[in-house]
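Colleague: Pasting a structure here, questions to come.
Just so it is clear, none of the values below were taken in a lab; they were calculated from the coordinates. Please read all numbers here as calculations on a predicted model, not as lab measurements. Cβ: placed from backbone, ideal geometry, glycine included. Neighbour counts: every protein chain shown.
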Ligand SMILES: Cc1cc2nc3c(=O)[nH]c(=O)nc-3n(C[C@H](O)[C@H](O)[C@H](O)COP(=O)(O)O)c2cc1C
C-alpha cells in the first residue's frame, strides 16, 4: 500500500517550548496507524530570516539557502500536521514566516492542527486555516484543541498526553480525516504529474 509521507511541523522554536509534547504525541499516534510515513519537521532546523526575498515566491524563486532547503523539505512531504501555539491570539511568527517561505510546495496537500493554550490555540488555528487555504492547501475540519485545564496539568507534569482519553479520541478522529485527504490528494497530484509528463 502506498503511504503518504507526512510531516509533523513543530510550530514554536523558543528554548522552553511546550510544543515538543504535542509533537511527539501526534507523531506516535500517526506512526501507529501504519498508513503514513511520518517525519518530525522542527523549525529550529530551518533558521529562516524574516521574509526578505525580492518578490512573492509565486513570481520568483527564493535565493536564500535555508529557504531552498526548507522548500525542498516541504516539497518532499504529502501532508502536514502543525503543532500550534497561540501568541497574542495569532500563530507564532516563526510558523507564519516559515509558511510564507514556500509556495507551490504546499499546494494541494492537507493540513491538520494540534493547538494548545487557554483556548486550545483556536484563534491561531482559524488564522492558519485562512493562510493555508490561500496556498491551495486543504485544512481538515477536525482539530485537536488542548484547552487550559489539560494544558496546565500537562505543563505542570500532572498528566501525560497519552492518558487524556478525550484528546486521544479527538486526535484519532482528526487523523482519520487527515488520512483520507492525504491519500486522495497524493493520488490526485500523481495523476496530474503523469498527465503533464504524457503531454
Ligand atoms: C508572546 C506570547 C503570547 C502569548 N499569547 C497567548 C494567547 O494569546 N493565548 C494563549 O492561550 N496563550 C498565550 N501565550 C501562552 C502560551 O500558550 C504558552 O506560553 C505556550 O507554552 C506557548 O507555546 P510554546 O511553549 O510551544 O512556545 C502566549 C505566550 C507568549 C510567549
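Colleague: Let me check against my output: what whole-number percent is the relative contact order of the stretch 64-119, with C-alpha pairs under 8 Å and at least 6 apart?
Modeller: Working: 48 pairs, mean separation 28.5, N = 56.
Relative CO of the stretch 64-119 lands at 51 percent.
Colleague: Let me ask something else. Using Cα-Cα distances under 8 Å and only pairs 6 or more residues apart, what relative contact order does the chain have, in percent?
Modeller: 22
Colleague: Here's a follow-up. Averaged over all directions, how much area does the convex hull of the C-alpha atoms of the stretch 5-198 cover when projected, in nm²?
Modeller: 11.1
Colleague: I would also like to ask the following. Evaluate the distance, in nm, between pseudo-label points positioned 7 Å from the Cα of residue 93 and of residue 64 along their respective Cα→Cβ axes.
Modeller: 1.3
Colleague: Let me ask something additional. Using R₀ = 25 Å, calculate the FRET efficiency as 1/(1 + (r/R₀)^6) where r is the Cβ-Cβ separation of residue 39 and residue 160; round to 0.05.
Modeller: Efficiency for this residue pair is about 0.60.
Colleague: Moving to a separate point now. Taking R0 as 30 Å, what's the FRET efficiency between residue 173 and residue 136 from their Cβ-Cβ distance, rounded to 0.05?
Modeller: Details: r = 25 Å, r/R0 = 0.82.
Computed FRET efficiency for residue 173 and residue 136: 0.75.
Colleague: Mind checking the log10 I(q)/I(0) for the stretch 1-88 at q = 0.10, 0.15 Å⁻¹? Debye, one equal scatterer per Cα, no solvent, two decimals.
Modeller: Computed log10 I(q)/I(0) values: -0.31, -0.66.
Colleague: If you wrap a convex hull around the alpha carbons of the stretch 95-199, what volume per residue comes out, as a whole number of Å³? Don't skip to the end; give the middle numbers.
Modeller: Values: hull volume 11.4 nm³, N = 105.
Taking only Cα atoms, the stretch 95-199 has a hull volume of 108 Å³ per residue.
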